[in-house]
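To keep things clear, I will list the structure first and then write my remarks on it.
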Amino acid sequence: MGIEEKGSTNLTTDLSRRKFLNTAALVGLAGAGLSTGLAACKKSEAPVAAGDKTAAAGAVDYNKYEVRPGQLDDYYVMSSGGHSAEIRIYGLPSGRILKRVPVFNMDALVGWGITNESKKIIGTKPDGSLNYHTGDTHHVHGSYTDGTYDGKNFWVNDKIHSRLARIRGDYMECDKIIDLPNVSGFHGIFPDKRDPVDEKINHTTRIFCGMEFHTPLPNDGRDMNDPKKYGILFTCVDAASMEVKWQIKVDGNCDLVATSYDGKLACTNQYNTEGGVTYQEMMAAERDACLFFNIARIEEAVKAGKTFTIGDSKVPVVDGTRDANKDPKTALTLYVPVPKNPHGVNITPDGKYYACAGKLSPTATVIEHALVLKWFNGELAAPRDTVVAEPEIGLGPLHTGFDGRGNAYTTLFLDSQIVKWNIDKAIAKYKGDKTVQPVLDRIDVHYQPGHGFTTMGETREADGKFFVSDNKFSKDRLLPVGPLHPETAQLIDITGDKMILVADHSVYSEPHDSILVRRDLIKTKQICSLDDSPYAVRDAKDCRVERKGKNVTVYLTSIAPAFGLTEFTVKRGDEVTIILTNLDKVEDLTHGFAIPKYDINFIVNPQETKSVTFKADKPGVYWFYCTNFCHALHLEMRSRMIVEK
Ligand code: K7E
Ligand code: CUA
Ligand code: CA
């Protein structure tokens, strides 16, 4: 893969060609007369998106965004898959799917949930079956160094079973999954980002996790009919060891999570400060909150042993409830009132402001980072004094991305729009300047956007090139494929004053959140290492069958176009473990391994080792074969497993 230097992209290197195309296209239109350009446009040409006025004017040069054969995309998109429980990687601007990374789901290509290695990561019951077969991934975030992605790791939540997964960036595979104790509805997640200016540490060390659903603590059958006694925990996980470090009990609930660039604060928006159990009850208050955590104080309290534990969990818990944190000078938490059932909180790339979208209020609340720190110093009278703007931006605001030029782009679920607004102008207006208009532009999207994100927008290096709107409904935008339509991810050029819709990409149900990562920041390995596994079969000559009573281990290799054994024999009732190492070293020379009727199917990448264990309960001849096209003799790459009666 060609990694270009920082900031260099197809868009810039190809500028001259595109300028030419652009001019040519415009000249063509001018000949027909600009106003008739649209009418002159044949039906087979670029379709005009409903409601996209820029496209209707015929002025969009779609060629500019094309990734031609042989070209590579400028960005990786790491996208969550919702209840499909996986992560998807696709390229931008092309929208080409590059990979699906199984995480909490099973996957027959990789063998995720089938191999012993993946089962160990996912977690198994004593009988060897998987703990869970389902998951619900919402938020993917990467590890940071110096305020930008370092490509080392990614994390994603499982909302259903309250698990946190880590993906290693070199193989783009999940390497660790943990349970969050006493947590229900684990929704928001964010790694910390720590500036070298204020901290000796400049990379991600902690992952913060929010709990959305309040339950009895512990949830063991007590207090079930007394929701007032239910509780909410905010959890900190060590990024390196993936151990839960501490939890803090809070009032209300935790929805999305954001972290400051200096490592000092984490925050979460709260839509259920009411502690309601029905949606009507959860909508009762006019204002809910954006809750800030003073990380240093929490960690001091943990160190000082001002903690308790919940149920069987040994994780230290501190008290972050309102009553226990009234004095700003010692408070661990700050509850900033914001209207109403907010959704989404995002920090600006300069680290100065948090934008908390109103959802049931047509506003976004802008909270200043420095003022939150001042509140914790006892220098502000009231929590609301940290608010510096609250512009009206439209109906159903959910999530906000930033362009690094002072502008925010918020998804409006109810309006089916993206609204572009300027933060400084919003602040000026809030201060009383009636002449400024914070809202700069709006664009229709199709339809009902959830998350929206900008290229590098959650880093110090936000580059303001594209915004992607992950829409919850596509309706008429894509070919119908039965009752469940694909979702649309719409690509919007945000380099100019006006947003321009440039592409509709289909996305499998159901994307929530993505990060758009400059391609030079991701450095994957194409060849695995024999040292990755303690069981690697390092030489084809080491292929053999070992028996200890009823336990049989088959040591196997693959070198195209053959497995290291042409056959092996076991007895009915044996517990068989097959360890397979792919000794091929050629990039992309992956083999598959499948045993019919035994439900075994997985791949081994070059120099990779995987194993499976199963009971040989069906006598007969079973051709185990390669499932991944690898060689002209791929079909011949098969050997016999003989199970004696
Ligand atoms: Cu808005 Cu789970 Cu991020 Cu979906 S949440 S949209
Ligand atoms: Cu090996 Cu196909
Ligand atoms: Ca509420």
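Taking into account only those residues within the stretch 583-600 that are part of a loop (DSSP other than H, G, I, E, B) and within 10 Å of ligand 2 (Cβ to nearest atom), which is surrounded by the fewest Cβ atoms within 10 Å (Cβ to Cβ)?
Residue satisfying both the conditions and the ranking: 589.
Considering only residues that are part of a strand (DSSP E or B) and under 34 Å from the mean Cα position of the chain (by Cα), which ones fall in the stretch 605-623?
Selection gives 609, 610, 611, 612, 613, 614.
Is there a residue in the stretch 277-290 that is at pLDDT 95 or above, crowded, with 22+ Cβ neighbours inside 10 Å and within 17 Å of residue 189 (Cβ to Cβ)?
If we filter the stretch 277-290 for residues that are at pLDDT 95 or above, which is where we start, we get 277-290.
Now drop any that are not crowded, with 22+ Cβ neighbours inside 10 Å, which leaves 288-290.
From what is left, the residues that are within 17 Å of residue 189 (Cβ to Cβ) are 290.
Yes, there is a match, as at least one residue in the stretch 277-290 is at pLDDT 95 or above, crowded, with 22+ Cβ neighbours inside 10 Å and within 17 Å of residue 189 (Cβ to Cβ).
Mind listing just one residue for me: the one in the stretch 103-121 that is open to solvent by 10 Å² or more (accessible area, probe 1.4 Å) and outside any loop (DSSP other than H, G, I, E, B) and, of those, farthest from residue 600 (Cα to Cα)? So that I can check it myself, show each step before the final result.
Step one: list which residues in the stretch 103-121 are open to solvent by 10 Å² or more (accessible area, probe 1.4 Å), which gives 105-110, 112, 114, 116-117, 119-121.
Cutting the leftovers down to outside any loop (DSSP other than H, G, I, E, B) gives us 107, 112, 116-117, 119-121.
Working: 107: 11, 112: 11, 116: 11, 117: 14, 119: 13, 120: 16, 121: 18 Å.
Among residues in the stretch 103-121 that are open to solvent by 10 Å² or more (accessible area, probe 1.4 Å) and outside any loop (DSSP other than H, G, I, E, B), the one farthest from residue 600 (Cα to Cα) is 121.
Note down all Cβ pairs under 6 Å where the first residue falls in the stretch 441-461 and is farther than 15 Å from residue 397 by Cβ, the second is crowded, with 24+ Cβ neighbours inside 10 Å and of a type in the set (Asp, Glu), and they're at least six residues apart or on different chains.
none
State all residues of the stretch 401-419 that are open to solvent by 10 Å² or more (accessible area, probe 1.4 Å) and either of a type in the set (S, T, N, Q) or closer than 26 Å to residue 473 by Cα (or both); if no residue qualifies, say none. Outline the logic, then answer.
First, pick out the residues of the stretch 401-419 that are open to solvent by 10 Å² or more (accessible area, probe 1.4 Å): 404-407, 413-417.
Listed by number, the residues that qualify are 407, 413, 414, 415, 416, 417.
Being within 24 Å of residue 203 (Cα to Cα), open to solvent by 10 Å² or more (accessible area, probe 1.4 Å), away from ligand 3 (no atom under 16 Å from the Cβ) and of a type in the set (A, V, I, L, M) is true for just one of 266, 296. Which residue is that?
Values: 266 fails: open to solvent by 10 Å² or more (accessible area, probe 1.4 Å).
Of 266, 296, the one residue that is within 24 Å of residue 203 (Cα to Cα), open to solvent by 10 Å² or more (accessible area, probe 1.4 Å), away from ligand 3 (no atom under 16 Å from the Cβ) and of a type in the set (A, V, I, L, M) is 296.
Can you tell me how many residues within the stretch 504-555 are free of Cβ contacts under 8 Å to residues at least 40 places away in the same chain and within 16 Å of ligand 1 (Cβ to nearest atom)?
Final tally of qualifying residues: 0.
Restricting to the stretch 601-619, name every residue that is more than 10 Å from ligand 2 (Cβ to nearest atom) and open to solvent by less than 30 Å² (accessible area, probe 1.4 Å).
602, 606, 607, 608, 609, 610, 611, 612, 614, 616, listed by residue number.
Looking at the stretch 331-355, which of its residues are open to solvent by 10 Å² or more (accessible area, probe 1.4 Å), in contact with a His (Cβ under 9 Å, 6 or more places away or on another chain) and over 15 Å from residue 265 (Cβ atoms)?
343
Given 294, 272, which one is of a type outside the set (A, V, I, L, M, F, W, C), within 16 Å of ligand 1 (Cβ to nearest atom), over 20 Å from residue 391 (Cα atoms) and at pLDDT 95 or above? If you could, list the steps in order and put the result at the bottom.
Working: 294 fails: within 16 Å of ligand 1 (Cβ to nearest atom).
Result of the check over 294, 272: 272.
Residues in the stretch 424-469 that are of a type in the set (S, T, N, Q), under 21 Å from residue 500 (Cβ atoms), open to solvent by less than 10 Å² (accessible area, probe 1.4 Å) and touching a Ser or Thr at 6+ places or on another chain (Cβ under 8 Å): how many?
Matching residues across the stretch 424-469 total 1.
Applying the selection to the stretch 222-265, what residues are within 16 Å of ligand 1 (Cβ to nearest atom) and among the small types (Gly, Ala, Ser)?
Across the stretch 222-265, the qualifying residue is only 258.
So that you can scan it fast, the table gives a plain yes or no per residue for (1) modelled with pLDDT of 95 or more; (2) under 22 Å from the mean Cα position of the chain (by Cα); (3) part of a strand (DSSP E or B):
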| residue | (1), (2), (3) |
| --- | --- |
| 213 | yes, yes, no |
| 218 | yes, no, no |
| 223 | yes, no, no |
| 232 | yes, no, yes |
| 235 | yes, yes, yes |
| 242 | yes, yes, no |
| 253 | yes, yes, no |
| 258 | yes, yes, yes |
| 267 | yes, yes, yes |
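What is the number of the single condition among (1) over 23 Å from residue 463 (Cα atoms); (2) open to solvent by 70 Å² or more (accessible area, probe 1.4 Å); (3) in contact with a strand residue (DSSP E or B) (Cβ under 7 Å, 6 or more places away or on another chain) that residue 96 does not meet?
Just one mismatch for residue 96, condition (1).
Need a quick list: strands (runs of 3 or more DSSP E) entirely within the stretch 386-487 having at least 3 residues that are over 20 Å from residue 257 (Cα atoms) and at pLDDT below 95.
So the answer is none; nothing clears 3.
Select from the stretch 101-155 the residues that are hydroxyl-bearing (Ser, Thr, Tyr) and closer than 24 Å to residue 615 by Cβ and list them in ascending order.
Answer for the stretch 101-155, where residues must be hydroxyl-bearing (Ser, Thr, Tyr) and closer than 24 Å to residue 615 by Cβ: 115, 118, 124, 129, 132.
The values are calculated or read from the model by the stated rules, or taken from the named source; none is laboratory data. A quick note: this is a predicted structure, and the numbers were derived from the prediction, not measured. Glycine also receives a Cβ, built like all others from the backbone with ideal geometry; neighbour counts cover every protein chain displayed. We work out accessible area using only protein heavy atoms, side chains counted, and drop any ligands, DNA or RNA first. Shrake-Rupley method; radii C 1.70, N 1.55, O 1.52, S 1.80 Å.
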